[in-house]
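Colleague: I have a structure here, written as structure tokens, and I will follow up with some questions on it.
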Amino acid sequence: MKLTNSERVPVMTDEDAPASVLSFGKFIRKAARDSEDEKGAADAFQEARARSREALMLDVRLADGTIESFDYGLPKRVTYKPDGTLILRFGEDRITVEGSNLQRVRQAVTEGRARFIQEGTEAEQGLKPEDAAHIERIVIEEGEQH
């Protein structure tokens, strides 16, 4: 055991420590690393789970506050028209989206990545970059109920 010059306090070194103390230190360091690994794995799991939940349904948000949700398992067809129209067919229902720069919206919907589409206002459109997607109007037509 060594003594420091300034305080004459004994300082234990690894050579002086009993094997059980060294083993315990290694155990604590390994537990801390394992805990970090487990936290990382849990975070990844939660993120993947959240993403899978988000892709289950597409929320269609209308200007009046109404939200209609459509099952991503039911899309039959998506039609994009360069005039600013996007037509989504979920089962028997038809959703017509009118706006500008809707190519990215179409891609996100066809890949099941869009959590929602939402009608915007003229004021919002003025704040967006010129090449940003903007939805002016959404019309939902319900198919026949069986």
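Colleague: Only one residue in 57, 1 is in contact with an Asp or Glu (Cβ under 8 Å, 6 or more places away or on another chain) and at pLDDT below 80, so which one is that?
Modeller: 1
Colleague: Condition first: hydrophobic (A, V, I, L, M, F, W, C), closer than 17 Å to residue 108 by Cβ and surrounded by fewer than 17 Cβ atoms within 10 Å (Cβ to Cβ). Now tell me which residues in the stretch 57-73 satisfy that.
Modeller: Listed by number, the list is empty, since nothing qualifies.
The values are calculated or read from the model by the stated rules, or taken from the named source; none is laboratory data. This one's a predicted model, so the numbers in the text were calculated from it and none came from an experiment. In this analysis, Cβ positions are derived from the backbone assuming ideal geometry, glycine residues included, and neighbour counts consider all displayed protein chains.
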